[in-house]
Amino acid sequence: MPDTAPAAAVGRATWRDYLALTKPKVISLLLWTTITAMFMAARGWPGLWLLVVVSVAGYMSAGSAGVFNMIIDRDIDLKMARTAKRPTSSGLISTRNAAIFGAALQILSFVMLWVWGSPLAALMSLAGFVTYVVVYTRWLKRNTWHNIVLGGAAGCFPPLVGWAAVTGDLNLFAWFLFAIIFFWTPVHFWALALMIKDEYREVGIPMLPVVHGDKLTVAQIGLYAIYTVVLSVMPVFFREVGAIYFVSALALGIWLMVLSWRLYLHVMEGNKVERRIAVPLYLYSMLYLALLFVMAAVDRVVFHHWL
């Protein structure tokens, strides 16, 4: 696509602007699921060197995906208030420089994971990058309301990277972690999409609230919340985790469903989506995933002798 960014701004970028290209706020949760999965896989301390390597390489891989996402979406980012000042859409960093930066991050990340982690970890990281950049950003995002459901698989790869870096393989529990994030993603993202659907409508992005309205969206959020909670407790029955995780998963999941139910009732009663109803679900969904993963790690590290 043509470079629509203002050319005059190019050349004044600092290291902070390049850091912004990597979407550090988004990466924080991805990195958390990677690190906690390492403790789960090791059933204890995975080793300082491996922890540092996977953390740095994981950040670079996810950051590279963020860079290319901003390159591809620079035309629509420029039209949306919350993204108009991104370095690529504003022209602060040229498309060429951003692409070189993103490619360098991805190549270095892959090499680090292959050499000091495991080949499988490197391949899982690359799969996440391709899913986010090619499948989601390039293809699904602008063409179907299923974009966040299918494309959301990109965010499911970090725990696989962490697990594979420790063990060199992927067992059933690792794939449960993948599935939990897969079904959690629509709950998290659609809560945000409901609040900014007008921006998506203006730039022609077919997010679910834009295409099918608020009522179907909140119904889908509720359905995916149930899927998430059910999946979250299933590893208990395979004796992968024990009582500490089970109780935590139930408590966290019940509140996720309560907030989803509140949003559902609010919209189904004919009310417009309000931030006071949608924001708590959006914010709690992030806390939910972070706490769920840390409790799984604690359970497997401290109480694995119960299994």
Distribution output for the stretch 61-114: share of Cα-Cα pairs per 10 Å bin in percent, first bin at 0, values 27, 47, 20, 6
In nanometres, the difference between 0.36 nm per residue of separation and the alpha-carbon distance of ILE226 and TRP49 is 59.9 nm
Result for the stretch 99-242: accessible area per residue, probe 1.4 angstrom, in square angstrom, of 39
Between the modelled labels at TRP139 and LEU250 (7 Å from Cα along Cα→Cβ) the distance in nm is 4.1
So, for the Cα atoms of the stretch 145-259, Rg and Dmax in Å stand at 16.0, 49
On the accessible surface of the stretch 182-307, probed at 1.4 Å with all protein chains in place, carbon and sulfur together account for a percent value of 68
Counting only DSSP loop positions in the stretch 102-187, the trypsin sites (Lys or Arg not before Pro) whose Cβ has at most 16 other Cβ atoms within 10 Å are ARG142
On each of the three principal axes the extent of the alpha-carbon atoms of the chain, given in whole Å and largest first, is 62, 55, 27
Order by accessible surface, 1.4 Å probe, largest leading, for residues ARG262, ARG276, ARG86 comes to ARG276, ARG262, ARG86
Sparse-neighbourhood loop hits (trypsin sites (Lys or Arg not before Pro), the stretch 55-84; DSSP loop; Cβ within 10 Å at most 13 others) -> ARG82
Mean projected area, convex hull of alpha-carbon positions in the stretch 232-287, reported to one decimal in nm², is 4.3
Looking only at lysines whose Cα falls under 26 Å of LYS215's and that sit 8 or more positions away or on another chain, we get LYS141, LYS197, LYS272
Rounded to the nearest 500, the 222 nm mean residue ellipticity computed for the chain from DSSP H runs (n ≥ 4, each -39500 (n - 2.57)) alone is -23500 deg cm²/dmol
Computed on Cα atoms, Rg of the stretch 209-307 relative to 2.2 N^0.38 Å comes out at 1.25
Of the DSSP H helices in the chain, the ones reaching 20 Å or more along their long axis in Cα terms and averaging at least 0.5 in Kyte-Doolittle hydropathy are 24-42, 48-72, 95-112, 172-195, 208-237, 243-268, 275-302
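The values are calculated or read from the model by the stated rules, or taken from the named source; none is laboratory data. Given the structure is predicted, the values throughout are model-derived calculations rather than measurements. Don't worry about glycine lacking a Cβ; one is built from the backbone with ideal geometry, like all the others, and counts go over all protein chains shown. To get the accessible areas, we keep the full protein, side chains included, count just its heavy atoms, and leave off ligands, DNA and RNA. Shrake-Rupley method; radii C 1.70, N 1.55, O 1.52, S 1.80 Å.
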